[in-house]
Structure formats: C-alpha cells, structure tokens
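Some notes on the structure that comes next.
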Amino acid sequence: MNNRSEGIVAYFNRRSGTGFIVPFGRKDHLLVHAADIENQAHTLHEGQHVSFTIELGKTCFEAHHVRP
C-alpha cells in the first residue's frame with residue numbers, strides 16, 4: 001500500500017526502538033521501528049497523531065515512513 005494512512009501511537013519503547021500504531025478505523029496494531037520514523041529524534045509518544053505507509057513485514061503489517 002503506497003497511500004498514506006493516519007493513526008495514533010498506542011505504545012513506543014524508546015530503549016528497544018519499537019512500538020505500535022493503531023490506524024484510524026481499524027483495530028489491528030501496526031509494528032513500527034525507530035528507523036522508520038521521519039524526525040531527528042526517531043521517537044514517538046503514546047497518543048501522538050501520525051501519518052505513515054503500511055507495508056507487509058516478515059511476520060506482520062508494519063508502519064513505514066512515519067511522520068509525527
């Protein structure tokens with residue numbers, strides 16, 4: 001999927017650099033990695049509104065090109 005989606009950060013662990021985003025209108029969480037966050041800090045916080053693309057990873061759908 002190349003279209004940008006929007007959602008809310010459900011959880012983000014700064015130590016591991018991973019977390020989950022819930023897209024608006026969906027129940028399933030998307031995995032997000034710090035390397036896919038497009039800001040200098042490469043970090044997110046719970047409740048933050050973000051936009052992203054959805055791509056199929058090795059085991060699940062993931063959020064890529066994440067923009068706070």
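Data for the structure
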read-out: Calculated from backbone phi, Karplus (6.51, -1.76, 1.60) coupling profile of region 36-43 in Hz, x at Gly/Pro; value: 9, 8, 8, 8, 4, 6, 6, 9
read-out: Alpha carbon Rg of the chain, scaled by the compact-globule rule 2.2 N^0.38 Å; value: 0.96
read-out: 5 angstrom amide H check on Gly57, placed H, neighbours 5+ away; value: Glu62
read-out: Beta bridge orientation in the chain: antiparallel %, DSSP, nearest 5; value: 85 percent
read-out: ³J(HN,Hα), Karplus 6.51/-1.76/1.60, whole Hz, each residue of region 13-21, x for Gly, Pro; value: 9, 5, 5, 8, x, 10, x, 9, 10
read-out: Nitroxide proxy distance, nm - points 7 Å out along Cα→Cβ at Lys58 and Asn3; value: 3.0 nm
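Rule-based calculations on the coordinates, nothing more; no lab input. Values in this document were obtained by computation on a predicted structure and should not be read as measured data. With ideal geometry, Cβ positions are generated from the backbone for all residues, glycine too; neighbour counts draw on all protein chains shown.
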